[in-house]
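The values are calculated or read from the model by the stated rules, or taken from the named source; none is laboratory data. Keep in mind it's a predicted model, so treat the numbers as computed, not measured. Virtual Cβ from ideal backbone geometry, glycine too; neighbours counted across all protein chains shown. The accessibility values were calculated without ligands, DNA or RNA, using every heavy atom of the protein model including side chains. Shrake-Rupley method; radii C 1.70, N 1.55, O 1.52, S 1.80 Å.
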Amino acid sequence: MNKIGGIDAMAHMERPEPVAGAGEVLVQVAVAGVNFMDIGVRQGMAWNEMPNPKILGVEGAGRVLALGEGVEGFTLGQRVAWVYAPGSYAEKIAIPAASLVPVPHGISDQTAAAVMMQGLTASHFATDFYPVQPGDIAFVHAAAGGVGLLLSQIIKLRGGRVIGRVSSQAKVAAAKAAGADHVIVDAEGNFAEEARRLSGGEGVHVVFDGSGPSTFQGSLDVLRRSGTFCWYGPVLGGPGPLDIMSLPKSIKLGYAVFMDHIHTPELLRARTEQLFGWILEGKLAVHIGGVYPLADAAQAHADMASRATTGKLLLLPGAA
C-alpha cells in the first residue's frame, strides 16, 4: 500500500527480506487471507501511525523458516497459521511466536488461513459474546459471507436456529448449505417484518450485524424483548451517536471484537484447536470463494468490495 486510496494505491513490489528478531519466527507464507479490515486500512481507517508504503494483510498459513532468539515450541519446516500479524500479503514474514498456532495434519494451508480471523470471529460471537442456547433464533446478516457461513454453522452446532439475510438470490444456496433455516433476500434493509414473521411474531433472540449503518434500525426492529444486538465490522461505519434511553424492548447492544476472544496466547491456541477439531470432525465446513496470486491482491479487494463474492478470499504468494 503506497498511499491511502482505492486499489490503485496497491502495488506488487520487492521489499527487503524480513529477519526473525528475538521472540519471532520467520515464516514462508503459503496462503494469506483477505479481510474487510484490509480494505479499511487502505482507505485510511486504521494503521495510520504506520508510514507508507506498508504491507497489508494480517492472517495466513505457512511453514517455519527460522527461529529468533529465545523461541521455543516450534521447529523448522513446521506448518503454522496466524491472525493479526501485519504484513501478511508477502512471501515471507517475521511473526511473534505468541501469535502462531500449529496446524494439524488433515487441515490444508488454505483451510487454516481461511478460518483464522473469520472463524475466531464467528466463534467469539456465538460462544462468548452471546452464548447461543438450544432453541435460540439468531438473525445473521451477510449469511453467505465468510463470517456469516461460519457463524451459521456454529449457531447450528449449539442448537440454535438461523434466519439469514443475503443481498441476492445467487447467495441463497450457500447460506442454506451452511445451515440457515430461512434465508431472506434483501439489498435495501427491508428485512425486519419477514424476520419477525419467521420467528413466530416475537422477534429473534440475537442479531449479528456487520452490514453498516443502513441495517441498524432494521436490526433493532427484528429483536424480541431482552434480545441481544451484536454489532461488528468497522469498515462500513457505525450508526452514529446513540441515546441509550431510546433503545427499545430492554435489548442489550454491544460491539464485538474478536481479539477479546483470544487475548492471550493460550486462548488463541485453545480457540483455534476447537475450530480445527470441528473441521476435522466434519462439523464445520470452510467455504473458499476465491483464490488469487499475490500480484492480484488489488483485484481481490475489488471483488470483495463489490459484495458479489461468497466465502473467504485468499492470496497465494507462490502463484504466478
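If you check every pair at least six apart or on different chains, which have Cβ atoms under 8 Å apart with a residue in the range 188-213 that is free of Cβ contacts under 8 Å to residues at least 24 places away in the same chain first and a residue that is crowded, with 16+ Cβ neighbours inside 10 Å and in a strand (DSSP E or B) second?
Qualifying pairs under 8 Å: 194/184; 202/224.
What do you reckon, is residue 68 in contact with a strand residue (DSSP E or B) (Cβ under 8 Å, 6 or more places away or on another chain) and not aromatic (Phe, Trp, Tyr)?
Yes; evaluated as a whole, the condition is true for this residue.
Surrounded by fewer than 19 Cβ atoms within 10 Å (Cβ to Cβ) and within 25 Å of the chain's Cα centre (by Cα) - does that describe any residue in the range 65-75?
Taking every residue of the range 65-75 in turn, none turns out to be surrounded by fewer than 19 Cβ atoms within 10 Å (Cβ to Cβ) and within 25 Å of the chain's Cα centre (by Cα).
Six or more apart or on different chains, Cβ under 6 Å: which pairs go from a residue in the range 257-280 that's loosely packed, with under 15 Cβ neighbours inside 10 Å to one that's not in a helix (DSSP H, G or I)? Could you list them?
280/106
When both residues are 6+ apart or on different chains and their Cβ atoms are under 6 Å apart, which pairs have a first residue that lies in the range 74-103 and is under 23 Å from residue 300 (Cβ atoms), and a second that is hydroxyl-bearing (Ser, Thr, Tyr) and open to solvent by less than 50 Å² (accessible area, probe 1.4 Å)?
82/99; 85/99
Conditions tested, residue by residue: (1) among the hydrophobic types (A, V, I, L, M, F, W, C); (2) closer than 29 Å to residue 224 by Cα.
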{"site": "246", "(1), (2)": "no, yes"}
{"site": "249", "(1), (2)": "no, yes"}
{"site": "256", "(1), (2)": "yes, yes"}
{"site": "259", "(1), (2)": "yes, yes"}
{"site": "269", "(1), (2)": "no, no"}
{"site": "289", "(1), (2)": "no, no"}
{"site": "306", "(1), (2)": "no, no"}
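As an exercise: evaluate residue 201 against (1) open to solvent by 10 Å² or more (accessible area, probe 1.4 Å); (2) small (Gly, Ala, Ser); (3) modelled with pLDDT under 95 and give the number of the one condition it does not meet.
(3) is the only condition that residue 201 fails.
State yes or no: is residue 40 modelled with pLDDT of 95 or more and either closer than 17 Å to residue 98 by Cβ or outside any loop (DSSP other than H, G, I, E, B) (or both)?
In short, no.
Restricting attention to the range 264-280, does a residue exist that is charged (D, E, K, R) and at positive phi?
Scanning the range 264-280 turns up no residue that is charged (D, E, K, R) and at positive phi.
Report the residue count in the range 1-40 for those that are of a type outside the set (Asp, Glu) and open to solvent by less than 10 Å² (accessible area, probe 1.4 Å).
Residues in the range 1-40 being of a type outside the set (Asp, Glu) and open to solvent by less than 10 Å² (accessible area, probe 1.4 Å): 11 in total.
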